[in-house]
Amino acid sequence: MNKSARAILNKKLYAGVYLIRKAEEFIVKNYPDNGMKTPMHMSMGQEATSVGVCEALGPRGQIVGTYRSHALFLAKTKDTKRFFGEMYGKVSGVANGKAGSMHLSSPEHGLVCVSAVVASTIPEAVGMAFANRMKQDDRVVAAFFGDGAMDAGVFWESLNFACLKRLPVLFVCEDNDLAVHVFAKNRQGFDSMIDLISQYNCVALEAEGTDVEQVHQLSVQILGLMKERNQPGFLHLKCYRYLEHVGVKEDFHVGYRSKEDFDSWFQRDPILVQRRKLLELGIQELEIVDIEQSLDKQAEEGVESAKTADFPDTKELFKGVFYGE
């Protein structure tokens, strides 16, 4: 890739991670007003994983995820109006205000579903990949999950079946080392995740998930190897969530992790890393500021639109309960 093409790609990647960060900053700012009556599982610090993988998958790629889904939704759709509409429980939301933060979806953009139940969408991704194979559709399905999902038996069953059937499914582990407040060393009886996964018939790669360009390059690489070898893939991306497990605040006062740990990870903050990279590529500060201001405005307009939108009619509560309704 020449320097010009790399600059174009990196501006796109920066816009992706910046929009997610800005949208969540607006959540942090407005959540205390009690207009958003939904639990929040924030993606701050983990933006690069969603943006890098989704960009590599392209528009035809299908994804499923977990309750920490803001980054996935915005990486796939860039739609802050429907995003904030759902946060505020309004008819302008992706599910007319009924889904909230933990059940975002946009099938037309490839985000099929997310779920509040840990590991529950992993077998769904495998089933989707199986269906794509039977239909002779070349779509790849990516399942995003935290390292805590690997403590569930359904993950290993799904991985085993995908390897056995050589399905086009990419398992993406966003490893922030925590299952709520419990570190991996206190949950998992193995030392190396990637060594363990490599024993299966799949392509397994890993990297730190804070550099969005690196995540994108690794994703392109693993998708190519999956196609070449006709095998599923497993992508292990180390990252760090900035805020508490659920909520919009820091939780260093609780005592299970330290401010020093945060400070160490923040040196590789996805926004700062990518912004420095743009400058190194010769992109002018004014052009970067223009990108940021445009996205600031987009996020702010999304919030204001949601605040003034209507709440759904009470009849909406009974719609969509049964298939076909």
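The single residue among Glu300, Glu304, Glu285 that is over 25 Å from Ala71 (Cα atoms), at pLDDT 95 or above and out of contact with any Lys or Arg (no Cβ under 8 Å at 6 or more places or on another chain) turns out to be Glu285.
Can you tell which of Val17, Val28 is at pLDDT 95 or above, surrounded by fewer than 21 Cβ atoms within 10 Å (Cβ to Cβ) and β-branched (Val, Ile, Thr)?
Working: Val17 fails: surrounded by fewer than 21 Cβ atoms within 10 Å (Cβ to Cβ).
The match here is Val28.
Determine whether segment 51-60 contains at least one residue that is touching a residue at least 60 places away in the same chain (Cβ under 8 Å), within 30 Å of Leu205 (Cβ to Cβ) and part of a loop (DSSP other than H, G, I, E, B). Scanning segment 51-60 turns up at least one residue that is touching a residue at least 60 places away in the same chain (Cβ under 8 Å), within 30 Å of Leu205 (Cβ to Cβ) and part of a loop (DSSP other than H, G, I, E, B). Residues that are charged (D, E, K, R) and not in a helix (DSSP H, G or I) within segment 263-279 comprise Arg268, Asp269, listed in sequence order.
Residues that are surrounded by fewer than 17 Cβ atoms within 10 Å (Cβ to Cβ) and either without any contact (Cβ under 8 Å) to a residue 40 or more places away in the chain or over 22 Å from the mean Cα position of the chain (by Cα) (or both): which helices (runs of 4 or more DSSP H) entirely in segment 84-198 hold 3 or more of them?
Working: elements: 121-134, 153-165, 193-197.
Counting at least 3 such residues, we get 121-134, 153-165.
When Glu260 is tested against (1) farther than 18 Å from Ile20 by Cα; (2) in contact with an Asp or Glu (Cβ under 8 Å, 6 or more places away or on another chain); (3) part of a helix (DSSP H, G or I), exactly one condition is not met: (2).
Going through Gly302, Gly320, Gly282 one at a time, which residue ends up being of a type outside the set (Ser, Thr, Tyr), touching a residue at least 60 places away in the same chain (Cβ under 8 Å), assigned to a loop (DSSP other than H, G, I, E, B) and closer than 30 Å to Asp211 by Cα?
Working: Gly302 fails: assigned to a loop (DSSP other than H, G, I, E, B); Gly320 fails: closer than 30 Å to Asp211 by Cα.
Criteria check complete, one pass: Gly282.
Scanning segment 62-82 for residues that are under 11 Å from Pro107 (Cα atoms), over 8 Å from the mean Cα position of the chain (by Cα) and buried (at least 21 other Cβ atoms within 10 Å of the Cβ) returns Gln62, Ile63, Val64, Lys76. Do we find that Leu223 is surrounded by fewer than 21 Cβ atoms within 10 Å (Cβ to Cβ), assigned to a helix (DSSP H, G or I) and not polar (S, T, N, Q) in this structure? No; evaluated as a whole, the condition is false for this residue. Of the set (1) part of a helix (DSSP H, G or I); (2) small (Gly, Ala, Ser); (3) buried (at least 21 other Cβ atoms within 10 Å of the Cβ), all apply to Gly45 but (1).
Restrict the check to segment 85-97 and report whether at least one residue is of a type in the set (Val, Ile, Thr), farther than 22 Å from Leu223 by Cβ, touching a Leu at 6+ places or on another chain (Cβ under 9 Å) and at pLDDT 95 or above. Break it down stepwise before answering.
Within segment 85-97, the subset of a type in the set (Val, Ile, Thr) is 91, 94.
Next cut, farther than 22 Å from Leu223 by Cβ only: 91, 94.
Going one step further and asking which of them are touching a Leu at 6+ places or on another chain (Cβ under 9 Å), we end up with 94.
Next, only the ones that are at pLDDT 95 or above stay: 94.
Looking for residues that are of a type in the set (Val, Ile, Thr), farther than 22 Å from Leu223 by Cβ, touching a Leu at 6+ places or on another chain (Cβ under 9 Å) and at pLDDT 95 or above, one finds at least one in segment 85-97, hence yes.
Please verify whether segment 266-278 includes one or more residues that are within 22 Å of the chain's Cα centre (by Cα), closer than 30 Å to Gly89 by Cβ and among the acidic types (Asp, Glu). No.
Which of the residues belonging to segment 21-80 are among the hydroxyl-bearing types (Ser, Thr, Tyr) and closer than 21 Å to Thr121 by Cα? Matches in segment 21-80: Thr38, Ser43, Thr49, Ser50, Thr66, Tyr67, Ser69, Thr77. Once segment 307-325 is narrowed to residues that are closer than 18 Å to Asn30 by Cβ and either modelled with pLDDT under 95 or not basic (Lys, Arg) (or both), the residue that is surrounded by the fewest Cβ atoms within 10 Å (Cβ to Cβ) is Thr308.
The values are calculated or read from the model by the stated rules, or taken from the named source; none is laboratory data. Keep in mind that this is a model prediction, so the values were computed, not measured. Backbone-built Cβ (ideal geometry, glycine too); neighbour counts: all protein chains shown.
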